[in-house]
Each structure stands twice: as C-alpha cells, then as structure tokens.
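Reading through the structure tokens given below for one structure.
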Amino acid sequence: MLAHPQRIMNQLRKRRVCLFGTSADPPTGIGGHLGIAKYLASMDAFDEVRILPVYSHMFGNKRGKQAPFETRVEMCTLLIKNVPKVTVSEVERICFEKAAAGLNEEQKSKVRVGTADILAMLTTNEPNVEFTWALGADTFLDLASGKWRRTDEVFELVGHRMVVFKRLFEGTDLGKGKINDGKKYEQDHDKLLRESAEKWSKLDEDGNPTIRIVSIPSLTDASSSTVRKTSDEIKLQELLTDDVLSFVKEKKMYSFSDSNISNEED
C-alpha cells in the first residue's frame, strides 16, 4: 500500500515551532499573553507554540525584581493548560545554567544570556525544527535597529522568520488623542515597522516574506505592570485568567503581598 503523498511531505518537512519569550510577571489573560498564544496557535504555519519565560533579565536593574522563575513557569502553565499546541519551555534556565556551570556566585551574577544564545542552543539541539520568533512591534524595532546583542545572529538563527504583533493604539492615551499628534505618531510608527520588516525579511519557499506583521484582535492595553500595581479584583478579573488570579492570591503575590514593591514595566 502506497503512503499518502501529503503524509510523506509531512514526514519530510521540519517541525515548525514558534517561540514567544516574555517576562510573564504575571502572564496576562486574553487581552495580553493568552490572546497572543492563542493567536499564534491558530496559525497553520506552526505545529507548536512555546512560551519562554525569562530566566535572568538582560537588564541589571530588573534582575532580582521579578517573581521567582519557577513561579512564573507555573503561572504560564496554568495560563495555557487548555490551549492546544502551546507549551511552556524552561530553555532560558537551561541555557543560563549551562553558561554559568563551574562559576562562583560573583561570576554567575555577571553572566548574560541573550536571545542569540538561546536560539543557538535550540537550533543545535533540535536540527529538525524550523524556529520562528514572535515579538511585539516595539521590541522588533529595537532588534531591527541594532539595540540587541548580536542582532544579525538572531535573524540568521531563525532564518529571518518572525511574527510581529502590532502595537495597540485604539483605547490608549495615544488612540484617544490625549497625546498631541497621536494619529501621526501611529502612522509614523506603522511606517517604520513596515520599512524595518522589509529591510530584514527574506522570501520563503513560497515567495512570501519571512517576517509577518499581524494584528491580534483580542489585544487590549492589558499589562503585567498594571496587574502588579492593583488589588482591585474586578480589574484583575479582566486582566488575568481565573486560574492565574487564584494562584496570585493564594501565593500572596504583587499587591496581595505585605511587601508590594514590584512596579517594573513589562
């Protein structure tokens, strides 16, 4: 009996995995992290979506101010427990521990593990996987303008494959016209985003740009920093899933803690 041609093609092609890195402190609901994860999972382009919680922040002023890594991994697992194709990866911890092996505590405090390091490890360990990096528009613009370490390598390691979700303007101070020339700012931002994507994009085997700019309908101005600053349960019910909110309250995190000091931006 001959194998079905489509089955043969599926066996021959590489597994396609989309990576979404985030601090997840905490991971927000459908208006934020969950909405992004669901959108990526709905794309036929991917067999799997992996959420990568940050292990040790690249910026020294944010190190040690996040909830413990294990706690954030647990919240991400609660967030996506009913979302097909989405998993949570501890690859950033594994990469950091590999880089810090044999070092004393002072030396470990100086270790910096960036996106290029993580992608290099993943592509080495999983040569039969085709990785795509998912990130927000502002983060992409920082990368495209060379503000990241080893910018060229990051693009090369994922074959210039990226999904960039557009910044939300509607409903924000800019969108409501509370900031002068808000509409012009939005237009200039979108123009710069398109130009940057065109500069760094390649063409895939079907002739389509490897960098895709998408608008995610469910996105709101939900942010982790807003969650950390409020104890208003009505607001928190809008920003978090029931499971994550229950976890935050049970563990007495953020505004439910006696020492509420976490006000860092996402």
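Peptides 70-78, 84-92, 229-237 ranked from most to least packed give 70-78, 84-92, 229-237, packing being the mean of other C-beta atoms within 10 angstrom over each peptide's residues. Both radii are taken from the alpha-carbon atoms of the range 27-157; with Rh as the Kirkwood radius, Rg/Rh is 0.95. Spin-label model, Thr230 to Ser109: label points 7 Å out along the Cα-to-beta-carbon direction sit 3.7 nm apart. Skipping prolines and chain starts, which residues have an amide H placed within reach, meaning under 5 Å, of the one on Ile213, given they are 5 or more residues away or on another chain? Amide H neighbours of Ile213, under 5 Å, 5+ apart: Val164. These residues, Trp200, Trp148, go from largest to smallest accessible area, 1.4 Å probe, as Trp148, Trp200. The phi-based Karplus calculation (6.51 cos²θ - 1.76 cosθ + 1.60; θ = phi - 60°) puts the 3J(HN,Hα) values of the range 120-129 at 4, 5, 5, 5, 6, 6, 10, x, 9, 10 Hz, whole numbers, x for Gly and Pro. Atom-type composition of the exposed protein surface of the range 7-163 places 50 percent of the accessible area on carbon and sulfur (1.4 angstrom probe). In this view, the solvent-accessible surface of Arg161, computed with a 1.4 Å probe and all protein chains in place, comes to about 60 Å².
The values are calculated or read from the model by the stated rules, or taken from the named source; none is laboratory data. Computed from a predicted structure; not experimentally measured. All Cβ positions, even for glycine, are placed from backbone atoms using ideal geometry, and neighbour counts span all protein chains on display. Only protein heavy atoms, including side chains, enter the accessible area calculation; ligands, DNA and RNA are left aside. Shrake-Rupley method; radii C 1.70, N 1.55, O 1.52, S 1.80 Å.
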